[in-house]
Every structure is written in structure tokens, then in C-alpha cells.
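What follows is a set of notes on a single structure, which appears directly below.
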Amino acid sequence: MRVLHSLRARVAASLAGIGSLIAAASVALYGAYGKLNRASEPLYSADAPIQTGQWQVVPRRAWTASSPKVYGVPVKPGATALVVEADLTNRTAESSADYLGLLRWNAPLGPAAGKPMVVGLRDTQQMPYLQPGLPERMAFVWILPPSAAAPARTALAVQSKIYKPVDNLYGAPGWFNPANVGRIELPVTPDGKPEAAP
């Protein structure tokens, strides 16, 4: 009886060990596959139009500033404003301000950057609703703490959403499921200056 119990315990331990190895191997394979996918992302530079479903994005320039205000966004002493200017065109049939998650910083700046303030350059209004089909020059302003150094080049992931006439969770139409569609790389000009909207 004891031998049978001991044998069962060994078989159970062996199966648990094999299951753990299979789980670890699958995690490693998924990680390697994810890195392969990231390497094949499209790379965009200045003036390249990017279709994201809801928006057309045309990146223009990136710069930093330490002045007390950048496009009306307050900058604390010692902090740095990192600004990315882009032309946005609303491709939907309704006015929208759903562009806050459109550009996201990749590592290593990602966590330090947080979410941007978005300003329309035509009238320096923060988070304006954009009308369908009308391009607007927008500034995405991230405030970096003194401990975070501004990068020499941007490493921004561009996110797209898909339209669902009826979402299975909310039961309403909308833009859902953000996913990266490419990466924007622009040189960052130190101590840049705001420009008037075109």
C-alpha cells in the first residue's frame, strides 16, 4: 500500500514538473514570436501619412522646452516638456477627441512620460473636438520629471482602433481594441520653439 502511494506521488510530481516545463516553453515561444512581430512594425518618419482607422496622422516634428508654459501647458521648474507635433484628420462621420491614446512612448521613456496633454495649435485649445475630414495641427505635450532625460529621437508607437457597430461588452457602437500599427521616429530638437499653426 505504501509503495503504491509512493508511486502515485512520484507520478503526480513528474506530471507537474512536465506541465511546468511545457508552460515555461510556451511562454518563451510566445515571447520570441512577440519580438519577431515588433521587429516587422512599419517605421514612419516626418511627413509620412499614417492611417489608423479613426485618424490619419502625419508627424511633423519633435522638440523639447523648459519654458514655464508650452502651448498653454504649464511646465514645473526643473521639468522638461517633450512636444511632438502632428497633423490629425478625423476619418469618422462625427466630431471626436478620442486621440489621447493615439501616440504612446516605447521603453525606456514609456513609464516616465505618462499621458500627454493634447493642444490644437490653431487656437491653443486643450483637447479640442476635431471635425470630420478637416486636418488640424496638434501638439502632444509630455511633461518629463527632472529625473527623466529627454531622448535624442522619438520612439512612439502609433495605435489604431477598429470600429464595431455593436460591441459585445457595451452593446453600443464605437472604436475599440487598440493595437500598434507602426512606430514614429523623429529627431528631437533641444530647446525648440512653438510655431504658428499652418
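The residues of the stretch 166-198 that are surrounded by 13 or more Cβ atoms within 10 Å (Cβ to Cβ) and among the β-branched types (Val, Ile, Thr), listed by number, are Val181, Ile184, Val188, Thr189. Please specify each residue of the stretch 145-188 satisfying the condition of being closer than 30 Å to Lys76 by Cβ, modelled with pLDDT of 90 or more and touching a Lys or Arg at 6+ places or on another chain (Cβ under 8 Å). Of everything in the stretch 145-188, those that are closer than 30 Å to Lys76 by Cβ, modelled with pLDDT of 90 or more and touching a Lys or Arg at 6+ places or on another chain (Cβ under 8 Å) turn out to be Leu156, Ala157, Val158, Gln159, Pro178, Glu185, Leu186, Pro187, Val188. Within the stretch 45-72, take every residue that is of a type in the set (A, V, I, L, M, F, W, C) and either surrounded by fewer than 17 Cβ atoms within 10 Å (Cβ to Cβ) or more than 19 Å from the chain's Cα centre (by Cα) (or both) and give me the one that is farthest from Pro146 (Cα to Cα). Within the stretch 45-72, the match that is farthest from Pro146 (Cα to Cα) is Ala48. Applying the set (1) modelled with pLDDT of 95 or more; (2) not assigned by TED's automatic domain parsing to the domain that holds Gly53 to Asp87 leaves exactly one unmet item: (2). Residue check, Pro132 against (1) under 28 Å from Thr64 (Cβ atoms); (2) modelled with pLDDT of 95 or more, all met but one. Which one? Going through the list (1) under 28 Å from Thr64 (Cβ atoms); (2) modelled with pLDDT of 95 or more, Pro132 breaks only (1).
A single entry from Glu185, Glu195, Glu136 fulfils the requirement of being under 16 Å from the mean Cα position of the chain (by Cα) and of a type in the set (Asp, Glu): Glu185. Close Cβ contacts (under 6 Å, 6 or more residues apart or on different chains) running from residues in the stretch 112-125 that are farther than 14 Å from Pro74 by Cβ and touching a residue at least 12 places away in the same chain (Cβ under 8 Å) to residues that are small (Gly, Ala, Ser) and assigned to a loop (DSSP other than H, G, I, E, B) comprise Ala112/Ala148; Leu121/Ala197; Arg122/Ala197. On the given criteria, is Val75 in the same structural domain as Lys115 (by TED's automatic domain parsing), crowded, with 22+ Cβ neighbours inside 10 Å and closer than 19 Å to Trp142 by Cβ? The answer is no for Val75. Can you say whether Gly120 is under 13 Å from Leu88 (Cβ atoms), exposed (fewer than 13 other Cβ atoms within 10 Å of the Cβ) and either at pLDDT 85 or above or not hydroxyl-bearing (Ser, Thr, Tyr) (or both), as far as the supplied structure shows? No, not satisfied.
On the basis of being touching an Asp or Glu at 6+ places or on another chain (Cβ under 8 Å) and part of a strand (DSSP E or B), does Trp175 make the cut? Walk me through how you get there before you give the answer.
Details: touching an Asp or Glu at 6+ places or on another chain (Cβ under 8 Å): yes; part of a strand (DSSP E or B): yes.
Yes; evaluated as a whole, the condition is true for this residue.
The values are calculated or read from the model by the stated rules, or taken from the named source; none is laboratory data. As the structure is a computational prediction, the values presented were derived from the model and not from experiment. Positions of Cβ are generated from backbone atoms using ideal geometry, with glycine treated the same way; all protein chains shown enter the neighbour counts.
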